[in-house]
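J.: So that we are looking at the same thing, I have put the structure below in structure tokens.
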Amino acid sequence: MSETASNEVINICGVLVHARPDRISQVRQQLEQFAGVEVHNAADDGRLVVTVDHPDRHHMIDTINEFNNVEGVLSTAMVYQHTE
């Protein structure tokens, strides 16, 4: 492993996003436009399981906060955070 790779910080957050059920597809598409965001599952009742992966923890927090500005999002909750 190179010295640069061993010094790289990895931050991962698991986020539960609750969206209006009639807007799930649109919300999913918009969330996936954010850098480092992956939507893993979406339930018919509007719950989406999302991860945010970025070396800068401040960028991750800003990204999660921006989720609330996506039309159709009702709430967000960070349920997991891991840093290496």
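The values are calculated or read from the model by the stated rules, or taken from the named source; none is laboratory data. This one's a predicted model, so the numbers in the text were calculated from it and none came from an experiment. Note that each Cβ is placed from the backbone with ideal geometry, even for glycine, and that neighbours are counted across all protein chains shown.
J.: What is the residue count in region 46-84 for residues that are out of contact with any helix residue (DSSP H, G or I) (no Cβ under 7 Å at 6 or more places or on another chain), surrounded by 12 or more Cβ atoms within 10 Å (Cβ to Cβ) and touching a residue at least 40 places away in the same chain (Cβ under 8 Å)?
T.: The number of residues fulfilling the criteria is 8.
J.: Please give the number of the condition SER25 fails out of (1) in a helix (DSSP H, G or I); (2) touching a residue at least 60 places away in the same chain (Cβ under 8 Å); (3) small (Gly, Ala, Ser).
T.: Checking SER25 against (1) in a helix (DSSP H, G or I); (2) touching a residue at least 60 places away in the same chain (Cβ under 8 Å); (3) small (Gly, Ala, Ser), the one that fails is (2).
J.: CYS13 fails exactly one of the following numbered conditions: (1) in contact with a Phe, Trp or Tyr (Cβ under 7 Å, 6 or more places away or on another chain); (2) part of a helix (DSSP H, G or I); (3) of a type outside the set (Val, Ile, Thr). What is the number of that condition?
T.: (2)
J.: When you scan region 38-84, how many residues do you find that are in a strand (DSSP E or B) and either farther than 16 Å from ILE10 by Cβ or polar (S, T, N, Q) (or both)? Let's see the steps before the verdict.
T.: So in region 38-84, the residues in a strand (DSSP E or B) come out as 38-42, 47-53, 73-83.
Applying the additional criterion that residues be either farther than 16 Å from ILE10 by Cβ or polar (S, T, N, Q) (or both) yields 39-42, 47-51, 73-79, 81, 83.
The total comes to 18.
J.: Which of the residues that make up region 26-39 are at pLDDT 95 or above, exposed (fewer than 14 other Cβ atoms within 10 Å of the Cβ) and under 10 Å from the mean Cα position of the chain (by Cα)? Full working, then the answer.
T.: Start the filter on region 26-39 by keeping residues that are at pLDDT 95 or above, which leaves 26-34, 37-39.
Those left that are additionally exposed (fewer than 14 other Cβ atoms within 10 Å of the Cβ): 29, 32-33, 38.
Listed by number, the residues that qualify are GLU32, GLU38.
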